[in-house]
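Engineer: Sharing a structure here in structure tokens format.
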Amino acid sequence: MAESRPLYLGPRLRRLRRELGLTQQAMAGDLGVSPSYVALLERNQRPLTADLLLRLAKSYRLDLADFAGEDGEDLARQLTQLLRDPLFADIALPALEIADIASSFPGVGEALLRLHGAYTREQRALAEQRDAPGAALASDPVAEARRFVAGRRNYFHALDSRAEEVAADVARAGSLAEWLRKQQGLRVRYLPPDVMMEALRRHDRHNSQLLIDDTLDAPSRAFQIATHIAYTALRRDIAASVEGETFASQTAASLVRRALAAYGAAAILMPYDRFARAVEARAYDIEALSRQFGTSFEQVAHRLTTLGRPGMLRIPFFFIRVDPAGNVSKRLDGAGFPFAAHGGGCPLWSVHSVFRTPGEIVTQFLELPDGQRFFSIARTVEAGGGSWDRPRITRAIALACAAEHAPQLVYALGIDPKGAAASPIGVTCRLCNRPACAARAVPPVGREILGDDTRRTVAPFAFDEG
């Protein structure tokens, strides 16, 4: 004889208790069990026994068929309808399994309904945007270039290896400029902005010169020279890195080549083997590394995201650069940090507040709604300037790694990441379900706002439970 399946009716029991105006203690007294046992029943951590069902029917004059079948059957019908979506067409979903979820795991079923509802609403909104008059149909070349780099976790082995060889040749030549003179017959000249005509770097083929804006600081000058070397000496390696790739436009292809040239320039200035060993020796002290390699704070932070060589891996980092308005101008992911492609970031992350303390490094443990924890290092950086009439641009950059790696960093030595207080942040408001966040700008996807003229919560919005 087949064994009967356990009956889990926690949500139905909780609703019944609330409809009757009873506390868990009062219901426990009526049923002859402990309040903690009622709590376990309501959370579906204990099944309802036949004896308890009979006590419920006697105590509250219930029709057992209605009580046991109402919610489960209705939820099963909703789940069956949901699972007809073409999204699930290739998954075998027998009716018995759906009934099992509805009766034994109603919380999972409700979560599926809520998630699918949010998904369909977002799909409708996107369709309306696409169909709107004048909507742009062209692809985003910047996003396409970012996806290309992110898809390889910002590590290009052949490019890095070749850059190390060039760096060794540069060291023997004595300087980047001397290497260019010997290898390419180019003379490096530093000229004022009015002569450069708004260019930071320009290759004058006619006169065999590489012209550099003389208002750039030393790290920026070196980076521009190294970028020219990457475009020329690493040309074949850059081409090999994109071989077989198809881009939506020439603009996207050009941006990918630019990203790879910048990668090569950083690899020439900070050769992998030497840089990786220095990183370990200095416990990821970004300022100390920038002094050692003659590079900027941002250049070192950028390079830290590229240390993915097999056998010589270092801590994986996520890198972001934002302006005071929150616009993201650079994003590199080597750490699997969840970042929203659209919409603003979380204002509780210190990368948005370091503008109040320019030049100061701010560290922060972060915790996402799903429990993932990260460690963040943020600071402002400057670009532009160099003369009285040239504007300076202040941006903020942040590096983030998994919290478990934090004790290896000079910024968190001796701190237990499991016990450290963490700031509760979200990827973006639309994807964060923390209901009590006072910094929330918009409601999360899939949650209905509760209108209440008699009460104002600390958070900007109050939400329903379903």
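Please treat every number below as a calculation from the coordinates, not as lab data. For clarity, every value in this text was computed on a predicted model and none was experimentally measured. Reconstructed Cβ throughout: ideal geometry from the backbone, glycine too, with neighbour counts over all protein chains shown.
Engineer: Using the Kirkwood radius built from alpha carbon pairs, what does the Stokes-Einstein equation give as D for the range 347-466 at 37 °C and 0.692 mPa s, in µm² per second? Mind showing how you got there, number by number?
Structural biologist: On the way: Rh = 16.8 Å.
The estimated diffusion coefficient comes to 196 µm²/s.
Engineer: If you don't mind, another one. How far is helix 250-269 tilted, in degrees, relative to the longest principal axis of the Cα atoms in the chain, given as a value from 0 to 90 rounded to the nearest 10?
Structural biologist: On a 0 to 90 degree scale, this one is about 70.
Engineer: Could you tell me the calculated FRET efficiency between T120 and E360, based on Cβ-Cβ distance and R0 = 51 angstrom, to the nearest 0.05?
Structural biologist: Working: r = 46 Å, r/R0 = 0.90.
Computed FRET efficiency for T120 and E360 comes out at 0.65.
Engineer: Right, here's the next one. Calculate how steeply helix 106-131 sits against the longest principal axis of the alpha-carbon atoms of the chain, using the helix alpha-carbon long axis, and give the answer as 0 to 90 degrees to the nearest 10.
Structural biologist: 50 degrees
Engineer: Any idea how far apart D453 and D85 come out in nm if each label point goes 7 Å out from Cα toward Cβ?
Structural biologist: So the label points at D453 and D85 sit 3.6 nm apart.
Engineer: Roughly how big is the chain's charge dipole about its Cα centre, with Cβ charges of +1 (Lys, Arg) and -1 (Asp, Glu), in debye to the nearest 20?
Structural biologist: 1240 debye
Engineer: So which GluC sites (Glu not before Pro) in the range 358-457 are both in a DSSP loop and have at most 14 other Cβ atoms within 10 Å of their Cβ?
Structural biologist: Details: sites: E360, E367, E382, E404, E448; in loops: E360, E448.
Passing sites in the range 358-457 are E360, E448.
Engineer: Roughly what angle does helix 50-60 make with the longest principal axis of the chain, taking Cα atoms, 0 to 90 degrees, to the nearest 10?
Structural biologist: The angle comes out at about 70 degrees.
Engineer: In nm, to one decimal, how far is the S59 label point from the I415 one, both placed 7 Å along Cα→Cβ?
Structural biologist: 5.0 nm
Engineer: Right, something else. If the only charges are +1 at each Lys and Arg Cβ and -1 at each Asp and Glu Cβ, what is the size of the charge dipole of the range 181-290 around the Cα centre, to the nearest 20 debye?
Structural biologist: Details: 15 positive and 13 negative charges, 107 e Å.
So the dipole magnitude of the range 181-290 works out to roughly 520 debye.
Engineer: For q values of 0.05, 0.07, 0.08 Å⁻¹, compute log₁₀ I(q)/I(0) with the Debye formula on a Cα-only model of the chain, without solvent.
Structural biologist: -0.30, -0.55, -0.68
Engineer: Per DSSP H run of n ≥ 4, the term is -39500 (n - 2.57); total these for the chain, divide by its residue number, and report the mean residue ellipticity at 222 nm rounded to 500 deg cm²/dmol. Could you put the intermediate results ahead of the total?
Structural biologist: Working: 17 runs with 201 residues, N = 466.
Counting only the DSSP helices, I get -13500 deg cm²/dmol.
Engineer: Go through the range 193-281 and name the trypsin sites (Lys or Arg not before Pro) that are in a DSSP coil and have 14 or fewer other Cβ atoms within 10 Å of their Cβ.
Structural biologist: R205
Engineer: Could you state, as a whole-number percent, how many of the C-alpha pairs of the range 398-441 are farther apart than 12 Å?
Structural biologist: On the way: 647 of 946 pairs.
Tail of P(r) above 12 Å: 68 percent of Cα pairs.
Engineer: Sorted by average packing, counted as other Cβ atoms within 10 angstrom per residue and highest first, what order do 155-165, 435-445 take?
Structural biologist: Details: 155-165: 18.7, 435-445: 15.7.
For the peptides 155-165, 435-445, the packing ranking is 155-165, 435-445.
Engineer: Right, another one. For the range 148-291, report the translational diffusion coefficient in µm²/s to the nearest whole number, using Stokes-Einstein at 37 °C, 0.692 mPa s, and a Kirkwood Rh over Cα pairs. Kindly include the intermediate steps, with their values, before the conclusion.
Structural biologist: Values: Rh = 16.3 Å.
This corresponds to a translational diffusion coefficient of 201 µm²/s.
Engineer: Just going by the charge dipole of the range 315-427, with Lys and Arg at +1 and Asp and Glu at -1 on Cβ, which of V427, I397, F375 is farthest out on the positive end?
Structural biologist: I397
Engineer: By per-residue mean of other Cβ atoms within 10 Å, what is the highest-first order of 385-391, 94-100? The partial results should precede the final answer.
Structural biologist: On the way: 385-391: 10.1, 94-100: 12.4.
Put in order of decreasing packing, that is 94-100, 385-391.
Engineer: Go through the range 368-421 and name the trypsin sites (Lys or Arg not before Pro) that are in a DSSP coil and have 10 or fewer other Cβ atoms within 10 Å of their Cβ.
Structural biologist: On the way: sites: R373, R379, R392, R395, K418; in loops: K418.
Here the trypsin sites (Lys or Arg not before Pro) that fit, given the DSSP loop and packing criteria, are K418.
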